[in-house]
Amino acid sequence: MCSSNSFSQRKVAEGSGVPQSTMSDNKTFLVNSAKLVLEPEGGGLALVEGAEPSWWEKGHVLAGFPKPEQVQAWWNDDDAPPDPETHGQPGQAREPT
């Protein structure tokens, strides 16, 4: 039996198109580590209060990070970011290679 604000793993799997085995494999992480899902006393699974759909929207997970070709260009360009050995101090010249 599930409380009125929760759903069984089977129902979540059916509604999401995710296999129930995947739901079971990831439930512990979602409940204990990510803390995005609760297991109410009445049974089932429920989203935490304040959950927003944007948390699970599909998108590019590396948005905002430089692309590999940009990083490669830094090694060949005088406008590269500061040398990591200088701890990223602004205005610090790169050491000659």
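Computed from the coordinates by the stated procedures, all read-outs in this text should not be read as laboratory data. Small disclaimer: the values here were computed from a predicted structure and weren't measured. Quick reminder, even Gly has a Cβ in these numbers, built from the backbone with ideal geometry, and neighbours come from all protein chains shown.
Screening region 40-67 for residues that are in contact (Cβ under 8 Å) with a residue 12 or more places away in the chain and either assigned to a loop (DSSP other than H, G, I, E, B) or among the basic types (Lys, Arg) (or both) and picking the one that is nearest to Ser8 (Cα to Cα) gives Gly44.
Inspection of region 35-52 finds a residue satisfying the criterion of being more than 20 Å from the chain's Cα centre (by Cα) and on the phi > 0 side of the Ramachandran plot. Report yes if some residue within region 6-20 is free of Cβ contacts under 8 Å to residues at least 60 places away in the same chain and in a strand (DSSP E or B); otherwise report no. The answer is yes, given that some residue of region 6-20 is free of Cβ contacts under 8 Å to residues at least 60 places away in the same chain and in a strand (DSSP E or B).
Comparison of Ala63, Ala34 shows that the only residue that is of a type in the set (A, V, I, L, M) and either in contact with a Leu (Cβ under 6 Å, 6 or more places away or on another chain) or within 20 Å of Asn5 (Cβ to Cβ) (or both) is Ala34.
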